[in-house]
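The values are calculated or read from the model by the stated rules, or taken from the named source; none is laboratory data. Predicted, not measured: the structure shown is a model, and the values here were computed from it. Glycine also receives a Cβ, built like all others from the backbone with ideal geometry; neighbour counts cover every protein chain displayed. Heavy atoms of the whole protein, side chains included, go into the accessibility calculation; ligands, DNA and RNA do not. Shrake-Rupley method; radii C 1.70, N 1.55, O 1.52, S 1.80 Å.
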Amino acid sequence: MLKRTKIAQLLASEQPIAEVLVKGWVRTRRDAKDFSFIEVNDGSGLKNIQIIANNTLNNYEEVKKITTGSSLAVKGALVESKGGNQKFEVVASDVEIYSLAPDDFPLQKKKHTDEYLRTIAHLRPRTNKYGAAFRVRSELSYAIHKFFNERGFRYVHTPIITASDCEGAGEMFQVTTLDINNPPRTKDGKVDYSQDFFGKEARLTVSGQLNGEMFACALGDIYTFGPTFRAENSNTTRHAAEFWMIEPEMAFADIHDDMDLAEDMVKFCIRYVMNTCADDLALFDKYVEPGLLDKLNNILNHGFARITYAEAIDIMQKSGHKFEYKPEFGIDMQTEHERFLAEQHFKRPVIVRDYPKEIKAFYMRLNDDGRTVAAMDVLVPGIGELIGGSQREERYDVLVKRIRENGMHEKDYEWYLDSRRYGSVPHAGFGLGFERMMMLVTGIGNIRDVIPFPRTPKSVNF
RNA sequence: UCCGGCUUAGCUCAGCGGUAGAGCAAUCGGCUGUUAACCGAUUGGUCGCCUGUUCGAAUCAGGCAGCCGGAGCCA
């Protein structure tokens, strides 16, 4: 029995092969005088293989009906192509048609807009651009695991359903089995969650960090990589309701170890994808973001700039640049500020650290100055905030004080506080939006186009 | 959520008060070792939805919805 060979493997062949079996989907068919050219793609790579289907095939009349989108199995010889655009092609000895696509197949042999392709997200991976994007997504995921695994980090599966709302940040999706049209009520008329599945209110996670910290304080270095949910009504090219987040956490580490890890990880992942997805990145460089490869090489070849928040404010104040929101110590950084620093001033990734405590989360470690915390954000040209992280507050008393300052209740964080009661250690970590790294690496400008089936406000299709 | 823009054939768009157009796709035919092939013909539309102005609305006004871009929130 002849086994199927993937097209990427055939095109990488050193020499012709007498008999091969190719399976895939038809991108286009062109008739010549006594034969037909069929371009087939099986998703193994960007490039198609050209099939020569001669009129001597016993089902040639059927072959001439093959349309874009049809599926085939082709047996034949891999030979050097007489045409100029490809090294090899397959001269078919047998063409088996699995299924002919009717003439309403939505993908035409032309460029479609991203907006249109989003309406057929179930078919768009069959296009060059989206096939490339999702191959890169797969390789980039693997790069993440490879990076952490090689450094001795353990992969921890933190829960997706949770009762705590982590940093109190962001709207959350509620998880319930109650009948929302007729929920049980307590005597005072409130919904009686004691009768809900978990016996209390439950939600989808916005971050695995607090759970991750517990495991870092046991296994040492850990990371999470999984889906995360935000019910924010955010309508931007950089936000989705469901996205994937990477959250490493290191015991016995400070803010500087954290920044080193972030920079190493970003560079490792970029380098990995440039090695494994060269064809796909070349397509993005040509059609999606001209200059992409130069940009990525620039990131690899330079250290990330590292400054404090106070220095960042100072740079902006002295820049003479006109900002809509005036840079002053104490303000939360606006998109325009982040873009200025990364794109205009440094022209490479910048890590800003030591933010005023008022604008950052309660768990970030208070610096000795008493007014800033050991938080760091990695700002990247074109993307903005790629990573947000911090050294965690390991001192029990300080942490409790910060919880109270933020109007939160320490009784909700008893299990979290245990890690500071029993063998507390300095530790640090960060969160990275996986889709944002996808956007950085591919040059694709909309988060909806780097997730297979995007979930955004008013949109849960497929 | 706020601000702005868009919504006309399968796709991309033009038309901007007088009753619907182009390119591409599709279909049919021709030509051809082609490269999103080429040439010719044909098919194809309650102009997002509702209300109003007008003799007459794709075109003007109001409302609604969806999409896109920017901002906020953040990853």
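Let a ≥ b ≥ c be the square roots of the eigenvalues of the Cα gyration tensor of the range A:231-318; is it rounded (a/c under 1.5), or, if not, prolate (a/b larger than b/c) or oblate?
Values: a/c = 1.39, a/b = 1.30, b/c = 1.08.
Rounded, because the longest to shortest axis ratio a/c is under 1.5.
Placing +1 at every Lys and Arg Cβ and -1 at every Asp and Glu Cβ, with all other atoms neutral, what dipole size does the range A:226-320 have around its Cα centre, in debye to the nearest 20?
On the way: 8 positive and 17 negative charges, 78 e Å.
Using only the charged Cβ atoms, the result is roughly 380 debye.
Over 32 Å between C-alpha atoms is what I'm after, so list which of A:LYS146/A:LYS357; A:LYS347/A:LYS458; A:LYS110/A:LYS347; A:LYS82/A:LYS146; A:LYS87/A:LYS129; A:LYS111/A:LYS295 land there.
Numbers: A:LYS146/A:LYS357 34 Å; A:LYS347/A:LYS458 36 Å; A:LYS110/A:LYS347 36 Å; A:LYS82/A:LYS146 42 Å; A:LYS87/A:LYS129 22 Å; A:LYS111/A:LYS295 25 Å.
Check vs 32 Å cut-off fails for A:LYS146/A:LYS357; A:LYS347/A:LYS458; A:LYS110/A:LYS347; A:LYS82/A:LYS146.
Only four residue types carry charge here, +1 at the Cβ of Lys and Arg and -1 at the Cβ of Asp and Glu. Report the dipole size of the range A:161-252 about the Cα centre in Debye, rounded to the nearest 20. Display every interim value, and only then the final one.
Numbers: 7 positive and 14 negative charges, 55 e Å.
That gives a dipole near 260 debye.
Taking a 21 Å limit on the Cα-Cα distance, which of the listed pairs A:LYS23/A:LYS47; A:LYS47/A:LYS75; A:LYS6/A:LYS64 fall beyond it?
Numbers: A:LYS23/A:LYS47 14 Å; A:LYS47/A:LYS75 19 Å; A:LYS6/A:LYS64 24 Å.
In this structure, A:LYS6/A:LYS64 lie more than 21 Å apart at Cα.
Which of A:TRP415, A:GLY431, A:PRO457 sits closest to the plus end of the dipole of the range A:384-462, meaning its Cα is farthest towards the positive end, when Lys and Arg get +1 and Asp and Glu get -1 on the C-beta?
Projecting each Cα onto the dipole axis, the largest value belongs to A:PRO457.
What value, in deg cm²/dmol to 500, does the helix sum -39500 (n - 2.57) over DSSP H runs of n ≥ 4 give at 222 nm once divided by the residues of chain A?
Numbers: 13 runs with 129 residues, N = 462.
So the calculated ellipticity at 222 nm is -8000 deg cm²/dmol.
Please work out the Kirkwood hydrodynamic radius for the range A:377-422, using every pair of different C-alpha atoms, and report it in angstroms with one decimal place. If you can, show how the numbers build up before the last one.
Values: mean 1/r = 0.0799 Å⁻¹.
That comes to 12.5 Å for the range A:377-422.
Kindly report the accessible area of the range A:91-246 per residue (heavy atoms of protein chains, probe 1.4 Å, no ligands, DNA or RNA), in Å². Mind showing how you got there, number by number?
Working: 8650 Å² over 156 residues.
Accessible surface, normalised per residue, equals 55 Å².
Can you give the extra length, in nm with one decimal, that the chain gains between A:GLN334 and A:ASP294 once fully stretched, where that is 0.36 nm per residue apart less the Cα-Cα distance? Intermediate values should be presented prior to the final figure.
Numbers: separation 40, 0.36 × 40 = 14.40 nm, distance 2.71 nm.
Full extension from A:GLN334 to A:ASP294 adds 11.7 nm.
If amide hydrogens are placed 1.01 Å from N in the peptide plane, which non-local residues have theirs closer than 5 Å to the one on A:ALA231?
For A:ALA231, whose amide H was placed from the backbone, the distant partners under 5 Å are A:GLU171, A:MET172, A:PHE173.
Quick one: pull the percent of accessible area on the range A:116-185 belonging to carbon and sulfur, 1.4 Å probe, ligands and nucleic acids left out. List each step's numbers first, then the result.
Values: 1780 of 3770 Å².
That share works out to 47 percent.
I'd like to know how the range A:152-266 sits against the 2.2 N^0.38 Å rule of thumb: what's its Cα Rg over that expected value?
Details: Rg = 17.6 Å, N = 115, 2.2 N^0.38 = 13.4 Å.
Compared with the compact-globule rule of thumb, the range A:152-266 sits at 1.32.
In sequence order, what are the phi-derived ³J(HN,Hα) couplings for the range A:272-280 according to the Karplus relation 6.51 cos²θ - 1.76 cosθ + 1.60 with θ = phi - 60°, rounded to whole Hz, with x for glycine and proline?
4, 5, 5, 7, 9, 10, 4, 4, 5
Taking the alpha-carbon centroid of each part, what is the distance from the range A:182-243 to the range A:6-29 in angstrom?
Rounded to whole Å, the Cα centres lie 47 Å apart.
Residue by residue through the range A:4-20, what is 3J(HN,Hα) from phi via Karplus (6.51 cos²θ - 1.76 cosθ + 1.60, θ = phi - 60°)? Round to whole Hz and write x for glycine and proline.
5, 10, 6, 4, 4, 6, 4, 5, 8, 4, 7, 9, x, 10, 5, 9, 9
For the range A:61-69, in order, what is each residue's ³J(HN,Hα) by Karplus, 6.51 cos²θ - 1.76 cosθ + 1.60 with θ = phi - 60°, in whole Hz (x at glycine and Pro)?
4, 5, 4, 5, 8, 5, 10, 4, x
Would you work out which of A:GLY83, A:GLY131, A:SER99 lies farthest towards the positive end of the dipole of the range A:80-133? Charges go on Cβ: Lys and Arg +1, Asp and Glu -1.
A:GLY131
Using modelled amide H (1.01 Å from N, peptide plane; none on Pro or chain starts), what sits under 5 Å from the amide H of A:ARG365, excluding residues fewer than 5 places away?
Result for A:ARG365 returns A:ALA374, A:GLN391, A:ARG392, A:GLU393.
Express the carbon and sulfur contribution to the solvent-accessible surface of the range A:29-97 as a percent, rounded to the nearest whole number, probe 1.4 angstrom. Kindly include the intermediate steps, with their values, before the conclusion.
Details: 1510 of 3350 Å².
Roughly 45 percent of what the probe reaches on the range A:29-97 is carbon or sulfur.
Can you list residues whose amide H is under 5 Å from A:ILE387's amide H, if they're 5+ apart or on another chain and H is modeled 1.01 Å from N?
Residues meeting the criterion, in which the H sits 1.01 Å from N, are A:VAL378.
Filter the chymotrypsin sites (Phe, Trp or Tyr not before Pro) in the range A:176-283 down to the DSSP loop ones having no more than 12 other Cβ atoms within 10 Å, then list what survives. Can you show the working numbers first?
On the way: sites: A:TYR193, A:PHE197, A:PHE198, A:PHE215, A:TYR223, A:PHE225, A:PHE229, A:PHE243, A:TRP244, A:PHE252, A:PHE268, A:TYR272; in loops: A:PHE197, A:PHE198, A:PHE252.
Those satisfying the criteria are A:PHE197.
Let me make sure I get this right: for the range A:193-248, a, b and c are the square roots of the gyration tensor eigenvalues over alpha carbons, sorted descending. Under 1.5 in a/c it's rounded, otherwise prolate if a/b > b/c, else oblate. Which is it?
Details: a/c = 3.48, a/b = 1.09, b/c = 3.20.
Oblate, because a/c is 1.5 or more while a/b does not exceed b/c.
What is the sum of charges around A:PRO457, taking Lys and Arg as +1, Asp and Glu as -1, for the other residues whose C-beta is under 15 Å from the C-beta of A:PRO457? Numbers along the way, then the final one.
Working: positive: A:ARG118, A:ARG230, A:ARG238, A:ARG448, A:ARG455, A:LYS458; negative: A:GLU171, A:GLU232, A:GLU242.
Neighbour charge sum, excluding A:PRO457 itself: +3.
Report the label-to-label distance for A:ASP104 and A:ASP412 in nanometres (one decimal), using points 7 Å from each Cα along the Cα→Cβ vector.
If labels sit at A:ASP104 and A:ASP412, their model points lie 5.1 nm apart.
Give me the net charge for the shell around A:TYR60: Cβ to Cβ below 14 angstrom, other residues only, Lys and Arg +1, Asp and Glu -1. Don't jump to the answer; show the numbers that get you there.
On the way: positive: A:ARG29, A:LYS33, A:LYS64, A:LYS65; negative: A:ASP31, A:ASP34, A:GLU61, A:GLU62, A:ASP94, A:GLU96.
My count for the surroundings of A:TYR60 gives -2.
Magnitude of the Cβ-charge dipole of chain A, K/R +1 and D/E -1, about the Cα centre, nearest 20 debye?
Working: 61 positive and 67 negative charges, 267 e Å.
I would put it at about 1280 debye.
Over the alpha-carbon set of the range A:326-446, divide Rg by the Kirkwood Rh and report the Rg/Rh ratio to two decimals. Intermediate results must be reported in sequence, preceding the final value.
Values: Rg = 16.5 Å, Rh = 15.9 Å.
With Rh from the inverse mean 1/r over Cα pairs, Rg/Rh is 1.04.
Using a Förster distance of 30 angstrom, determine the FRET efficiency expected from the C-beta separation of A:TYR325 and A:THR186, and round it to 0.05.
Values: r = 45 Å, r/R0 = 1.52.
So, using R0 = 30 Å, E works out to roughly 0.10.
What is the spread of the Cα atoms of chain A along each of their three principal axes, largest first, in whole Å?
Between the extreme Cα coordinates on each principal axis of chain A lie 84, 61, 44 Å.
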